[in-house]
Amino acid sequence: AGGAVSRVLEPIFSRSVGADFRVTINTVGVTTTGLAKIKHDMIEILRLVELAAEEKKPLDQQTYSALLLAAPDFPEEATDEVRRHFYNILATPHIVGGVLGLLHELGYLEKIVPAMRHVRCLLQFNQYHKYTVDEHSLRAVSEAASFASREDRLGNAYREVADKRVLHLALLLHDLGKGYEEDHSEVGKRIAEETAKLFQLDERSTDDLVFLVH
């Protein structure tokens, strides 16, 4: 009965976002023109995932399946434009966790941040971590972003961080040196340096990122 009610109400309460996206009662999806774009345009994928995170709704089945199937055909590394767009998303606490999680689930995050490829489903064998490295890294960002709504010293400290993009990127990278013979802090330092170069960060942001990860 609930499904029947949703089908009746959906045309009334759904809305278009531009020519490419559509928000319904329960999901976010694409129009016919949007479907054609997301199969080859990473910027459109980022815009769609941002919208889903803003709306706090999952992608509809058709859209999710299309993105999942299209991922292997995308280049292994994203363009500078895509990385700039992604980096700016990191500034927004209330959507950053949802965006990162969905991009990783669909197979696009590792194209933007190549170091994520190595840690996909990588296990950690110690008493301090109960998640795989990739899940731990994503949760670290989400946990920090949740501090934005805390009314205590931790919340105040988080809100005072001038450039949350650097903080969130450092948290995403902080354990990606795991799984190598060398100390993961030293590997992580190099990963941070390489990532900063890929993202064309300025000297101060690069220094902060490398310091935090190391």
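The values are calculated or read from the model by the stated rules, or taken from the named source; none is laboratory data. Quick caveat: nothing in here was measured; it's all calculated off a predicted structure. When we count neighbours, we look across all protein chains shown, and the Cβ atoms used for this are built from the backbone with ideal geometry, even at glycine. Only protein heavy atoms, including side chains, enter the accessible area calculation; ligands, DNA and RNA are left aside. Shrake-Rupley method; radii C 1.70, N 1.55, O 1.52, S 1.80 Å.
Annotations
- Close pairs (7 angstrom Cβ cut-off, 6 or more residues apart or separate chains): more than 16 Å from Ala53 (Cβ to Cβ) and of a type in the set (Ser, Thr, Tyr) in region 14-41, open to solvent by less than 30 Å² (accessible area, probe 1.4 Å) and assigned to a helix (DSSP H, G or I) anywhere: none
- Only one of the listed residues (Asp208, Asp183) is within 19 Å of Tyr87 (Cβ to Cβ) and among the acidic types (Asp, Glu). That residue is Asp208.
- Residue in region 167-190 that is over 20 Å from the mean Cα position of the chain (by Cα), on the phi > 0 side of the Ramachandran plot and not aliphatic (A, V, I, L, M) present: yes
- Scanning region 147-167 for residues that are open to solvent by 40 Å² or more (accessible area, probe 1.4 Å) and farther than 17 Å from Leu90 by Cα yields Arg150, Glu151, Asp152, Arg153, Leu154, Asn156, Ala157.
- Counting the residues of region 134-157 that are more than 19 Å from the chain's Cα centre (by Cα) and of a type outside the set (Asp, Glu) gives 7.
- Some residue of region 84-94 being in a loop (DSSP other than H, G, I, E, B), modelled with pLDDT of 95 or more, open to solvent by 30 Å² or more (accessible area, probe 1.4 Å) and small (Gly, Ala, Ser): yes
- Test: residue in region 196-203 that is open to solvent by 40 Å² or more (accessible area, probe 1.4 Å), of a type outside the set (D, E, K, R), without any contact (Cβ under 8 Å) to a residue 40 or more places away in the chain and in a loop (DSSP other than H, G, I, E, B): no
Table: residues versus (1) within 23 Å of His136 (Cα to Cα); (2) modelled with pLDDT of 95 or more; (3) of a type outside the set (Phe, Trp, Tyr).
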position: Arg159; (1), (2), (3): yes, yes, yes
position: Lys164; (1), (2), (3): yes, yes, yes
position: Leu167; (1), (2), (3): yes, yes, yes
position: His174; (1), (2), (3): yes, no, yes
position: Lys178; (1), (2), (3): yes, no, yes
position: Glu181; (1), (2), (3): yes, no, yes
position: Ser185; (1), (2), (3): yes, no, yes
position: Lys197; (1), (2), (3): no, yes, yes
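- Flag if Ala78 is surrounded by 13 or more Cβ atoms within 10 Å (Cβ to Cβ), closer than 24 Å to Thr195 by Cβ and of a type in the set (Gly, Ala, Ser): yes
- Test: residue in region 144-153 that is closer than 24 Å to Phe199 by Cα and either part of a helix (DSSP H, G or I) or at pLDDT below 95 (or both): yes
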